[in-house]
Amino acid sequence: MPDLLYRNINTCLFLVVISVCMGCSTTYHGMVKDSQTELPIEGASVEGIYSSRKPFHLNFDMGSIKTTTDINGLFTIAIPRNPCYLWVEKDGYDALKFKLGKWVGKPLKLVRWDPKEPIVIKLKKWQE
């Protein structure tokens, strides 16, 4: 009987931890600047792309969440689940894809951008 009770408690604990972590998000903050003048860019669109792969499923869905930069070029974005990259665009500038992780080492390990570290994104003006 105690063994059965112990197994049920562990199963319940596992399910609680999984359900809490599924709702977790990571908050990133940073600044968008003009690459030539180093001045902040107001109103740039910052879109966080994430995957919402379900446990034990081979296929996954992609989702996104958007924000814009303020007058100082600053942004804060909370990306749920598995953050992949930021897509940044503004009229008059080339769009930029900023990866939030990279595969390193042998065996390969995914190293994610540290959310405590501010992100500085520099956009280039369109060439006419």
Interchain or long-range residues, amide H under 5 Å from Thr68's placed H = Val46
How far apart, in nm, are two points set 7 Å out from the Cα along the Cα-to-Cβ line at Asp91 and at Ser25?
-> 2.8
Return the long-range amide H neighbours of Lys33 (sequence gap of 5 or more, or a different chain), with a cut-off of under 5 Å between placed amide H atoms.
-> Ile41, Ile121, Lys122, Leu123
Would you count, across the stretch 25-123, every pair of lysines whose alpha carbons are under 12 angstrom apart, provided the pair is eight or more residues apart or spans two chains?
-> 4
Would you mind counting up the charge near Thr69? Only other residues with Cβ under 15 Å from its Cβ, with Lys and Arg at +1 and Asp and Glu at -1.
-> -3
Percent of C-alpha pairs per 10 Å bin, the stretch 62-112, short to long | 20, 44, 27, 8, 1
Grab the other residues whose beta carbon is less than 14 angstrom from that of Pro40, score K and R as +1, D and E as -1, and report the net.
-> -1
Rough spin-label spacing in nm, given labels placed 7 Å along Cα→Cβ, for Ser51 and Leu110 = 0.5
Surface/4 of the Cα convex hull for the stretch 25-123, nm² = 7.4
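The numbers here are math on the coordinates, done by the rules we state, and not lab data. Here the structure is a predicted model, which is why all the values come from computation and not from measurement. Backbone-built Cβ (ideal geometry, glycine too); neighbour counts: all protein chains shown.
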